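Below is one structure, written out as structure tokens; comments come after it.
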Amino acid sequence: MNRLLGMGMMALVGMTFACGGGEKTAETTAEATPAAPAKEMTLEEKYQDDPIYIKGIEKIKASDCLSCHMVERKIVGPSYAEVAAKYESTEENVNMLAQKVINGGVGVWGEIPMPPHLSLSEEDAKDMIRYVLLLKK
């Protein structure tokens, strides 16, 4: 009889464990696994549907700008994000910066000169500058 009772208790313990006795293990595992951090959106992703972005990036890709500038990292010249941080997007700044792109310049961002882009139309230069000034972090 004791043996039968002992087997019944073992069966009851086994059923209890199988039917929910392991819940704490599942909860502990879920708590121990941190959620993956959300991927930070790049400036390109942030503005990709903006008409100013679309028009400006098209003209920049057709030029030699990307030889010296990147969106978020300085190479030869400042990054576009650095330029956007320095200048407000006003029509006065768009005009002034477009003229710098067309005529070239040196001194604002260091001693490496930006060559002139005399074949670039004023309207194309302004579209490019509007795109650059859009890229604020």
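The numbers here are math on the coordinates, done by the rules we state, and not lab data. Model, not experiment: these values are computed from the prediction. Cβ sites come from the backbone with ideal geometry, for glycine too, and all protein chains shown count toward neighbours.
Among the lysines, select those whose C-alpha is under 16 Å from the C-alpha of LYS100, and discard any that sit fewer than 8 residues away in the same chain.
Straight-distance partners of LYS100: LYS86, LYS126.
Once you sort the root eigenvalues of the Cα gyration tensor of segment 52-137 as a ≥ b ≥ c, which label holds: rounded (a/c under 1.5), prolate (a/b larger than b/c) or oblate (the other case)?
Rounded, since a/c falls under 1.5.
How much FRET efficiency would the formula 1/(1 + (r/R0)^6) give for GLU45 and LEU118, where r is the Cβ-Cβ distance and R0 is 30 Å, rounded to 0.05?
0.35
Once you sort the root eigenvalues of the Cα gyration tensor of segment 72-117 as a ≥ b ≥ c, which label holds: rounded (a/c under 1.5), prolate (a/b larger than b/c) or oblate (the other case)?
Taking the square roots of the gyration eigenvalues as a ≥ b ≥ c, segment 72-117 is oblate.
Roughly what would the spin-label model give for VAL108 and ASN93, points 7 Å off Cα along C-beta, in nm?
1.0 nm
Go through 109-119, 52-62 and give me the packing order, highest mean Cβ count within 10 Å leading.
Most protected by this proxy first, the peptides run 52-62, 109-119.
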